[in-house]
1. When the residues of segment 181-223 are narrowed to those that are small (Gly, Ala, Ser) and modelled with pLDDT under 95, which ends up nearest to the chain's Cα centre (by Cα)?
2. Could you please find all residues in segment 153-184 being of a type outside the set (A, V, I, L, M), closer than 21 Å to Glu100 by Cα and outside any helix (DSSP H, G or I)?
3. Somewhere in segment 144-153, is a residue modelled with pLDDT under 95 and within 19 Å of His46 (Cβ to Cβ)?
4. Kindly list, by first and then second residue, each pair from a residue in segment 48-66 that is in contact (Cβ under 8 Å) with a residue 12 or more places away in the chain and under 14 Å from Glu100 (Cβ atoms) to a residue that is of a type in the set (A, V, I, L, M) and assigned to a helix (DSSP H, G or I), limited to pairs with Cβ atoms under 8 Å and residues at least 6 apart or on different chains.
5. Residue check, Arg92 against (1) of a type outside the set (S, T, N, Q); (2) over 18 Å from Asp47 (Cβ atoms); (3) at pLDDT below 95, all met but one. Which one?
6. Can you name the residue in segment 160-204 that is among the β-branched types (Val, Ile, Thr) and over 23 Å from Met119 (Cα atoms) and, of all such residues, is surrounded by the fewest Cβ atoms within 10 Å (Cβ to Cβ)?
7. Suppose we filter Phe31, Phe107 for residues that are under 16 Å from the mean Cα position of the chain (by Cα) and buried (at least 20 other Cβ atoms within 10 Å of the Cβ); which single one remains?
Amino acid sequence: MSNNPFSHAYYRQVIARAKSAGYTFHTLKQFLEIGAPAERAFVLRHDLDTKPGTLWPLLECEREMAVRSTIFVRVMANDYNALGYTVLPRLREAEAGGFEIGLHTSFVEYATIVGLENMRVLAAETAALKAFFTVHGVACHRDINYAYNSLPWLEQNWSEVRRDLGLSYQAYAPEFLERAVYVNEGFSPHLGWRNLKPEDVIDTGRSICLLTHSHWWYRDHPFEV
């Protein structure tokens, strides 16, 4: 396998292999609704960090294979405008087709840099996304420099956040990290699977939470978008 195996064809192969092994596929919200089973549940998650155009082909792969995922979208980011002319309609189309939309946020970083309160920023992001989508979940984002980590604050204040903002879950809760095997790509030191490959876990029958970042996935080569 090449150093960067993250082609759309490979993504389809992973889904097909899991289906053949008896896995059922779920969004994060659906996984919680069925009781977070520890075996043969496959949760598909996308963190849309940058380059929204790279996400649409992965969603098309999922449509073709009759599975759905959760898409965590950034609101306050310099990389793209989630509410822009070209992105918002595609996301709304995805939600209408059974995909789940959640908030991807680095609210502590934003609040620290611009001089605002953490809760004020998180509430504003949530309200903006809820104006167009049904939002149940939040997943903290960390840029590559790891300057400010929002997750500790979110965990410490989750009861208040959940109550005041009307959210149901945060994506790094034990229900996801302990009931399922967390699999994602990243740099260690080069781009690849961080620890286990999804195929390794499929062979065990353990439930899987697969996190992907679409800007690292491609049809023909990594520089096409």
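The values are calculated or read from the model by the stated rules, or taken from the named source; none is laboratory data. Quick caveat, the model's predicted, so the values are computed rather than measured. Reconstructed Cβ throughout: ideal geometry from the backbone, glycine too, with neighbour counts over all protein chains shown.
1. Applying the first criterion (small (Gly, Ala, Ser)) to segment 181-223 yields 186, 188, 192, 205, 207, 214.
After this cut, where a residue has to be modelled with pLDDT under 95 as well, the list is 186, 188, 192.
Details: Gly186: 14, Ser188: 20, Gly192: 17 Å.
Only one residue fits best here, namely Gly186.
2. Gly166, Ser168, Tyr169, Gln170, Tyr172, Arg179, Tyr182, Asn184
3. Within segment 144-153, the subset modelled with pLDDT under 95 is 144-149.
In the following step, the residues that additionally are within 19 Å of His46 (Cβ to Cβ) were identified as 144.
For segment 144-153, residues modelled with pLDDT under 95 and within 19 Å of His46 (Cβ to Cβ): present.
4. Taking only residues 6 or more apart or on different chains, the pairs are Leu48/Leu55; Leu59/Ala94; Glu62/Ile15.
5. Only one criterion in (1) of a type outside the set (S, T, N, Q); (2) over 18 Å from Asp47 (Cβ atoms); (3) at pLDDT below 95 is unmet by Arg92, namely (3).
6. Applying the first criterion (among the β-branched types (Val, Ile, Thr)) to segment 160-204 yields 161, 181, 183, 201-202, 204.
With the extra rule that they be over 23 Å from Met119 (Cα atoms), the set shrinks to 181, 183, 201-202, 204.
Values: Val181: 19, Val183: 23, Val201: 22, Ile202: 22, Thr204: 12.
So the residue we want is Thr204.
7. Working: Phe107 fails: under 16 Å from the mean Cα position of the chain (by Cα).
Exactly one of Phe31, Phe107 is under 16 Å from the mean Cα position of the chain (by Cα) and buried (at least 20 other Cβ atoms within 10 Å of the Cβ), namely Phe31.
Residue-wise test of (1) in contact with a Cys (Cβ under 6 Å, 6 or more places away or on another chain); (2) of a type in the set (D, E, K, R); (3) part of a loop (DSSP other than H, G, I, E, B).
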| site | (1), (2), (3) |
| --- | --- |
| Phe133 | no, no, yes |
| Leu196 | no, no, yes |
| Thr204 | no, no, yes |
| His215 | no, no, no |
| Asp220 | no, yes, yes |
